[in-house]
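Report on one structure; see the data block that follows.
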Amino acid sequence: MLKTLVMATASVALMAGAALADPYEEFRDTTLIVNFPAHPHYDAVMRILPEFTKETGIEVEVDQLPYLKMRERQTLELAQDEGEYDLIAYVVFSKADYVFADQLENLAKYFMNPKLADPNYDADDLIDGYVYNIGFAGGSKGYLEGKTGSLFGIPYGSETSILGYRKDIFEKHGLEVPETYAEMLELACKIPELEPGMGGVASRAASGHHASHAFLLHLNPLGGAIFDDQWNPVMNNEAGVEAANALKTLVDCGPEGATTFGFGEALGAFLNGDTAMFLDTTVVAGQIDDPSKSSVVGKVGWALHPMGVERASQTGGFGIGIPANAENKEAAFLLMQWLTSKKGDKLVAMAGGNPSRFSTHADPEVNEKFPHMATFGEALQHADPDWRPIIPVWGKINADLGTTLSKVLTEDLDVQEALDGVAERTKAVMDEAGYYTWQ
């Protein structure tokens, strides 16, 4: 779909000839106001924006906010007749809310416009799983690619899951990097015996979305899902129980206080040298290599998310889109296109951001500076865009799942009983939302 769109765009743009001589001329001296999160990727973006202004003459003012405050601000701004923002970054599970409320621009008309669309953009080079997860709506299941789908955003600051491990600890004890879940779980509980005081794997586990996130990390690789194809909850089947038990094992064999860990605490435990492994997002690589934040610089290796019945790694993080009520939509598209182009993607990668293109992960200069990029690129071949359901009612289901799993981790609530309860309540939520109307 993306390839066809870009080929058509290229043909029209090439016929335009002189129109492409200076695509920015009309927009010089325009000032764009954008809304980005306080996040390592967007810290890197701030370092490359002056290059965009130098090249295009378009000024960019950034309102950079902590994620939750950013979401609150966007909720207010996108509901106005005329909004303040020309371009926004949004986290993946906001996609369903914004598209359903008709608050994001469909990008097709911009990619069709020969005065705006760069024929060398090469959309096929964008990481498939990221594009479908972050950008598409209306296709399969309502939130993935498909014949009825449309593109509403471009991945920018997207993430997948990866296994970080302490090379020095593994070499000291002659340990093999785990390829499978069975190997990882065995090692997770062996490490504390070999290195007293050290946990096996740092994992999120805190009540709410952190525990849910951790459960989902294991669910897909172990063959599970939240729903079947008819929207019936199936997180309580055999694979779901196995995923919950895997999480419980990691927490039981983790560092002290593991049941209370959110993302920051889990990462902190690994940065401080309190665990031998870390299974979570690729976004942490920059902090692990930062001597001002990390005590394990130079000691960490990277491997693919361990295999269960299949390879399946997380998709998530951020994308960028144009609000439907933006004032400067065409100039905002030019900024979006520049940031996510091959040139922009490499610039942000070299500045410490998360690239969104296969070519950037394979780029020799990027890999010389960041040797982990090649492994990350390999992991992206297995990134699952359907890692979690991106539907408007997911927030309610996700909260219930996370608080219930916390009771499994802290109160020894029976796993099957816990997941059966979540499935029953999820069924009621989906029924009320109308998902069974046509059954």
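Please treat every number below as a calculation from the coordinates, not as lab data. All values derive from a computational prediction rather than experimental measurement. Neighbour counts run over all protein chains shown; Cβ positions are idealised from the backbone, glycine included.
A few comments on the model shown:
- One way to sum up the overall shape of region 203-357 is the equivalent ellipsoid from its Cα gyration tensor, whose semi-axes run 31, 24, 14 Å, largest first.
- As a rough footprinting exposure proxy, the listed residues 189, 253 were ranked by other beta carbons within 10 Å of their own, and the order from fewest upward is 189, 253.
- Listed by chain and number, the lysines placed with their C-alpha closer than 18 angstrom to that of residue 342 are 3, 54, 369; residues fewer than eight positions away on the same chain are left out.
- Fewest-first sequence of 158, 140 by Cβ atoms within 10 Å of each Cβ: 140, 158
- Here each label is just a point 7 Å from Cα along the line to Cβ, and for residue 51 and residue 125 those points are 1.3 nm apart.
- Taking the chain and dividing mean pair separation by its residue count, relative contact order in percent (alpha carbons under 8 Å, at least six apart): 24
- The value given for region 369-439 is a Kirkwood hydrodynamic radius of 15.0 Å, derived from the mean inverse Cα-Cα separation.
- Label positions at residue 82 and residue 407, each projected 7 Å from the Cα along the C-beta direction, are separated by 5.1 nm.
- Estimated [θ] at 222 nm from DSSP helical runs (n ≥ 4, -39500 (n - 2.57)) normalised by residues in the chain, nearest 500: -13000 deg cm²/dmol
- Altogether, the Stokes-Einstein calculation at 4 °C and 1.567 mPa s, with the Kirkwood radius of the chain over Cα pairs as Rh, returns a diffusion coefficient of 57 µm²/s.
- If the segment from residue 272 to residue 102 were pulled out straight at 0.36 nm per residue, it would be longer than the present Cα-Cα gap by 56.8 nm.
- Rounded to 10°, Cα long-axis angle of helix 238-252 versus longest principal axis of the chain: 70
- Calculated FRET efficiency, residue 179 to residue 68, Cβ-Cβ distance, R0 = 25 Å: about 0.10 to the nearest 0.05.
- Per-residue Cβ neighbour rank within 10 angstrom, fewest leading, 198, 336, 46, 277: 46, 198, 336, 277
- When DSSP beta bridges are restricted to pairs lying wholly in the chain, around 60% turn out antiparallel.
- Mean Cβ neighbour count within 10 Å, used as a protection proxy, ranking 209-220, 414-425 highest first: 209-220, 414-425
- The long axis of helix 329-340 is offset from the longest Cα principal axis of the chain by roughly 50 degrees.
- Distance from the alpha carbon centroid of region 415-439 to that of region 73-94 works out to 30 angstrom.
- Computed from the C-alpha gyration tensor, the three semi-axes of the ellipsoid equivalent to region 304-439 are 37, 24, 13 Å, from longest to shortest.
- Candidate lysines - alpha carbon under 21 Å from residue 172, same-chain residues fewer than 8 apart omitted: 190, 299
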